[in-house]
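The values are calculated or read from the model by the stated rules, or taken from the named source; none is laboratory data. Quantities reported herein were computed from a predicted structural model and do not represent experimental measurements. Cβ sites come from the backbone with ideal geometry, for glycine too, and all protein chains shown count toward neighbours.
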Ligand SMILES: C[S@@+](CC[C@H](N)C(=O)[O-])C[C@H]1O[C@@H](n2cnc3c(N)ncnc32)[C@H](O)[C@@H]1O
Ligand code: SF4
């Protein structure tokens, strides 16, 4: 395991992933990387929908998410703006059906249940919200959050994801959390009563002063009370956060890479032993209680992002039939709100994804899943060249296969058990091979017909 971003927790939940390579702003001229034909992403008539609630009661010492601690919140204005932006983006997209909804944050359990109900109602008015679609709410396990759970369920929430982080009260204080372990246990129990089988807990390891033994004990304790889904977060020291400064000044120490690698290994073993099947780098489920919404991200399906700083990936109507865009909404809530009031949405940035960028996402996200990328899945995004053509050739990727970290076979491409823990360190090698192949094919094609023909369909913006 290399680096503290091994688990890319931001990718897992926040949909913050952007291609690690050059980003092309919508105003820029297509670069030499755009040599390839645009591909039509599959199923552009359906998408998941993410809603970002940007407010928190206080700042956790480790967190650099897009969140704000306001003096007061205008719930009615937020509600109207979230509804308006949902409506606008649904109309702008070619999406007909919403497959899942995720209310994340910030602390969306601070929102009024009526806001959740209103957004769901807007979705139903402008698209088909699949019957029984997973609708998740992130919950901070404070007494205030817990008292509203019933109302959230009545509003349409059918899955709860609880930010437990730790069952150790001293650690919760160091992390700046506004709840205790007792609050967490009560919230889990109430959530399980309301949404049996559909409760997830977030737990964090690599915390200051933590040892492998204390982590194993804590995880065992948590597994005695939790439901069928667990998300593991490795603590990332984010520059600019209070925790980062405390560690830099030597006031706190965090476990080194060897220790966090051992923590991850032991957590995987403990969870598997207790019946939780790992299905993604950081996610484990019992009895098939996987997160459908997050699986959508890892399968590179379309999603619409609503709310301050939300990210989306979808084919807008204006782009014709086949151009998926990476979209980001304005970060700051007040600015976001005034833009939504003025224009109906606050999309700050649109990046049309070319074939290479789309395949990079399919690869990076797909390899996070234990099942990896199947041949059928890859073919949806790359009908002409299969996984063997990209990754079966002699070279560095083949060496990863020979070392037993990566598997390419009849099922597709995936990490081995050991490889999954080293995914971050393998990605540069895989991405280079992907890019080399795409560029080589682009050049071959350019020799047959002039590049201008390949850009047919790319819309000027
Ligand atoms: C951003 S929070 C939003 C949900 C909720 N506010 C909470 O804190 O539980 C989603 C998850 O990201 C985790 N997270 C935030 N910053 C992190 C960091 N620096 N390292 C690891 N996990 C982090 C949180 O602890 C939480 O489990
Ligand atoms: S409650 Fe969640 S989003 Fe808010 S500061 Fe803490 S970790 Fe970040």
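This table checks each residue for (1) out of contact with any helix residue (DSSP H, G or I) (no Cβ under 7 Å at 6 or more places or on another chain); (2) within 16 Å of ligand 2 (Cβ to nearest atom).
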{"position": "195", "(1), (2)": "no, no"}
{"position": "207", "(1), (2)": "no, yes"}
{"position": "214", "(1), (2)": "yes, no"}
{"position": "221", "(1), (2)": "yes, no"}
{"position": "225", "(1), (2)": "no, no"}
{"position": "229", "(1), (2)": "yes, no"}
{"position": "235", "(1), (2)": "yes, yes"}
{"position": "241", "(1), (2)": "yes, yes"}
task: Could you run through the range 134-143 and say how many residues are free of Cβ contacts under 8 Å to residues at least 60 places away in the same chain and more than 13 Å from ligand 1 (Cβ to nearest atom)?
output: 2
- prompt: Residue check: is residue 144 assigned by TED's automatic domain parsing to the domain that holds residue 179 and farther than 29 Å from residue 189 by Cα?
  reply: no
task: Working only within the range 223-254, note down all residues that are within 24 Å of the chain's Cα centre (by Cα), more than 10 Å from ligand 1 (Cβ to nearest atom) and buried (at least 18 other Cβ atoms within 10 Å of the Cβ).
output: 223, 226, 227, 228, 229, 230
task: For the range 152-169, state whether one or more residues are more than 26 Å from the chain's Cα centre (by Cα), modelled with pLDDT of 95 or more and under 24 Å from residue 270 (Cβ atoms).
output: yes
query: Within the bounds of the range 177-193, is there any residue that is in contact (Cβ under 8 Å) with a residue 60 or more places away in the chain and on the phi > 0 side of the Ramachandran plot?
result: no
In the range 255-278, the residues that are outside any helix (DSSP H, G or I) and crowded, with 19+ Cβ neighbours inside 10 Å: 255, 276, 278
- request: For the range 148-171, enumerate the residues that are within 16 Å of ligand 2 (Cβ to nearest atom), surrounded by fewer than 22 Cβ atoms within 10 Å (Cβ to Cβ) and either assigned to a helix (DSSP H, G or I) or on the phi > 0 side of the Ramachandran plot (or both).
  value: 171
Which listed residue, of 408, 359, 420, 400, is touching a strand residue (DSSP E or B) at 6+ places or on another chain (Cβ under 9 Å) and touching a residue at least 60 places away in the same chain (Cβ under 8 Å): 420
query: For the range 75-123, what are the residues that are in a strand (DSSP E or B), farther than 25 Å from residue 342 by Cβ and away from ligand 1 (no atom under 16 Å from the Cβ)?
result: 97, 98, 99, 100
message: Please count how many residues of the range 144-170 are under 21 Å from residue 237 (Cβ atoms) and within 12 Å of ligand 1 (Cβ to nearest atom).
response: 4
